[in-house]
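Step one of this worksheet: look at the structure below.
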Amino acid sequence: MFAKGWNYAQNMSSSKDDQWALYAKSVLDRTRLALANKAEEYQRILQPSAEYLGSMLGVDQWAVDIFTEELIRAGSAASLSSLLNRLDPVLRKTANLGSWQVISPVEAVGYVVVVDELLSVQNESYEKPTILVAKNVRGEEEIPDGAVAVLTPDMPDVLSHVSVRARNSKVCFATCFDPNILTDLQMKIGKLLSLKPTSADIVYCEVADSILLGSGSMSSKEDGSMPSLTLVKKQFCGRYAISSEAFTNELVGAKSRNISYLKGKVPSWVGIPTSVALPFGVFEKVLSDDSNQVIADTIQSLKQRLGGGDFGILGQIRKTVLQLSAPPQLVQELKNEMKSARMPWPGDEGEQRWEQAWIAIKKVWASKWNERAYFSTRKVKLDHDGLCMAVLVQEIINADYAFVIHTTNPSSEDSTEIYAEVVKGLGETLVGAYPGRALSFFCKKMDLDSPKVLGYPSKPIGLFIKRSIIFRSDSNGEDLEGYAGAGLYDSVPMDEEEKVVLDYSTDPLIVDSKFRHSILSSIAKAGHAIEELYGSPQDIEGVVKDGKIFVVQTRPQM
């Protein structure tokens with residue numbers, strides 16, 4: 001698979017295709033990810049045996065600790081890795097790529113803290129403005145309070161949820177490709193740095209502590225800029241399920257209302273999936289049902305412990321929510337609304353299929369107590385009890401590709417450009433920042449027929465699913481002005497996605513320039529049409545199936 005990729009890059013070079021180096025860089029990144037995965041596999045398989053034998057034979061602990069690492073270094077993979085490290089800067093230079101991918105171009109001043117994983121510090125509250133140098137960013141994390149920048153060698157997509165939250169929080173966020181620069185940053189632990197990003201680079205330097213006094217780069221606690229946000233608790237409307245025609249501000253969140261608004265207003269070649277919803281208050285109504293009394297009491301007890309600062313309780317609350325029973329009236333009303341909308345009713349395929357759907361609905365409700373979501377609302381002092389969760393129900397389109405569009409280029413903040421990213425399969429690999437990069441491109445709004453590819457895909461895994469139903473989180477706390485709520489809560493498909501190892505060597509989006517041009521141009525045109533409809537920059541999610549564009553979600557781009 002990788003050999004075919006390198007051969008295709010060579011053919012592009014021979015045919016004078018000026019994007020050969022850009023494509024070769026994506027093949028290099030995929031090769032690197034494969035080597036890293038293989039190294040992790042060896043570590044997982046061999047290191048426990050090394051630990052056991054080392055303890056039995058009295059081997060020094062330092063030797064045991066490096067056993068698997070040294071074994072890997074002695075193999076051919078280490079030589080290939082060294083070769084790739086030498087080739088990477090050459091390809092970056094040839095492809096006119098800098099040492100940085102700037103995801104959130106915000107100037108920052110802060111003290112350097114080095115961490116292994118951003119996830120491990122998402123609940124921290126830094127007293128001083130902090131620049132985090134994080135070796136690993138998974139994509140589902142919350143940016144910790146007091147962090148003014150996150151710099152990483154990882155490659156989160158520019159339009160992933162963690163990237164959007166960083167921009168919404170006005171946090172500098174960037175990937176560093178140059179190991180020498182990264183090492184220099186890691187050596188500056190405790191130092192006060194000034195970061196000045198452009199669209200493709202970050203200039204940094206050490207500054208005196210006195211700079212902070214006039215810079216305004218202070219944590220939200222220090223400068224008093226903590227947003228003042230309130231949630232109005234929604235009440236049960238007397239109905240367990242509603243059609244899209246009944247979507248209002250009192251019953252569902254912006255996710256549901258926006259998708260309903262698009263129907264009949266977007267160009268006819270843009271598809272909009274049929275939707276129904278479980279409105280606000282349904283979870284609370286189910287919890288108060290006599291059949292769920294014991295579960296309600298348990299959740300109340302756990303919430304009291306959570307209020308006392310026992311954050312380990314969050315997982316227990318989620319597990320308890322999954323024990324809820326469905327009132328018969330809920331099942332009947334949801335069945336009626338889905339059939340009226342000509343959506344497949346899971347119960348027609350047997351009781352087990354309905355149970356799968358019911359578990360998915362409960363997982364959406366339970367995501368109110370996700371760690372990242374809970375810490376995020378806590379950080380901005382939102383009343384967590386006031387957060388209500390509607391559930392948007394849609395049929396899943398078995399996508400060939402998924403995309404996210406920002407109708408103002410987020411890296412340059414250029415409102416004349418549309419920026420988008422595309423992955424094979426479902427969009428979770430993009431918004432969830434799965435390893436590797438999406439295909440990225442931009443388009444001038446004055447020339448939507450001329451998309452320019454900025455990077456070819458390097459994600460080794462795609463997610464695919466059969467015809468199914470997805471239950472999307474739609475809370476009253478996701479689209480508040482001044483609050484970075486993107487991707488905090490879970491959207492859950494009824495069926496499990498299949499992970500597929502991707503082969504880009506035969507993918508028409510890569511090897512067929514006419515097909516690529518047509519699809520990317522159509523995505524840009526759909527984004528532009530929706531922006532004009534709303535009259536403001538939009539953050540849009542959609543899919544491509546058999547060449548047709550479907551939009552599944554839009555929200556204001558912050």
Note to self: Rounded to the nearest percent, how much of the accessible area of segment 461-558 (1.4 Å probe, protein heavy atoms only) is carbon and sulfur?
What the structure shows: 50
Notebook entry, point to check: Does segment 6-157 classify as rounded, prolate or oblate by the C-alpha gyration tensor (a ≥ b ≥ c root eigenvalues; a/c under 1.5 gives rounded; else a/b over b/c gives prolate, otherwise oblate)?
Noted result: oblate
Checklist line | Which listed pairs, of LYS285/LYS319; LYS234/LYS466; LYS233/LYS263, have C-alpha distances above 24 Å, in listed order | finding: LYS234/LYS466; LYS233/LYS263
Item checked: Carbon and sulfur %, accessible surface of segment 1-152 computed with the full protein complex present, 1.4 Å -> 54
Check: Out of GLN61, LEU35, SER15, whose Cα points farthest toward the positive end of the dipole of segment 13-76 (charges: +1 Lys, Arg; -1 Asp, Glu; placed on Cβ)?
Finding: SER15
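Compute the whole-percent fraction of alpha carbon pairs in segment 242-395 spaced more than 26 Å apart.
On the way: 3949 of 11781 pairs.
Tail of the P(r) past 26 Å holds 34 percent of the pairs.
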Checklist line | Size of charge dipole - the chain - debye, nearest 20, with Cβ of Lys, Arg +1 and Asp, Glu -1, no other charges | finding: 860
Next item on the list: Write down the accessible area per residue of the chain in Å², having rolled a 1.4 Å probe over the full set of protein chains.
Entry: 44
Next item on the list: Beyond 23 Å, what share of the Cα-Cα pairs of segment 100-211 is found? Please give it as a whole percent.
Entry: 15
Checklist line | Mean separation of Cα contacts under 8 Å, 6 or more apart, over the residue count of segment 310-463: relative contact order % | finding: 14
Check: Where a Cα-Cα gap under 18 Å defines reach, which lysines qualify for LYS93, not counting those fewer than 8 residues away within the same chain?
Finding: LYS16, LYS25
Note to self: Give the aspartates and glutamates reachable from LYS4 as a straight Cα distance under 18 Å; neighbours fewer than 8 places away on the same chain don't count.
What the structure shows: ASP17, ASP29, ASP503, ASP507, ASP512
Next item on the list: Go through segment 412-420 residue by residue and turn each phi into a ³J(HN,Hα) via Karplus (6.51, -1.76, 1.60, θ = phi - 60°); whole Hz please, and just put x for glycine and proline.
Entry: 10, 6, 8, 6, 8, 10, 9, 10, 8
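If I compute solvent accessible area with a 1.4 Å probe over the protein chains, what percent of it on segment 242-395 is carbon and sulfur?
That share works out to 46 percent.
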Next item on the list: Step through the table entries LYS525/LYS545; LYS191/LYS381; LYS499/LYS548, compare each Cα-Cα distance with 19 Å, and write down the pairs that go over it.
Entry: LYS191/LYS381; LYS499/LYS548
Next item on the list: Would you kindly find the accessible area of CYS205, with a 1.4 Å probe and non-protein molecules such as ligands, DNA and RNA excluded, rounding to the nearest 10 Å²?
Entry: 70
Margin query: With equal scatterers on the alpha carbons only and no solvent term, can you work out the Debye log10 of I(q)/I(0) for segment 488-557 at 0.23 1/Å?
Written below: -1.08
Checklist line | For peptides 353-364, 516-527, sequence by mean Cβ density within 10 Å, most packed first | finding: 516-527, 353-364
Check: Using helices alone, what [θ] at 222 nm do you get for the chain, with -39,500 (n - 2.57) per DSSP H run of 4 or more residues, divided over all residues and rounded to the nearest 500?
Finding: -11500 deg cm²/dmol
Check: Between TYR401 and residues 5 or more places away or on another chain, which pairs have amide H atoms under 5 Å apart, with H built 1.01 Å from N, and which residues are they?
Finding: GLY425, VAL544
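The values are calculated or read from the model by the stated rules, or taken from the named source; none is laboratory data. Just so you know, these numbers come straight off a predicted model, no measurement behind them. Neighbour counts run over all protein chains shown; Cβ positions are idealised from the backbone, glycine included. Side chains included, ligands, DNA and RNA excluded: accessible areas come from the protein's heavy atoms. Shrake-Rupley method; radii C 1.70, N 1.55, O 1.52, S 1.80 Å.
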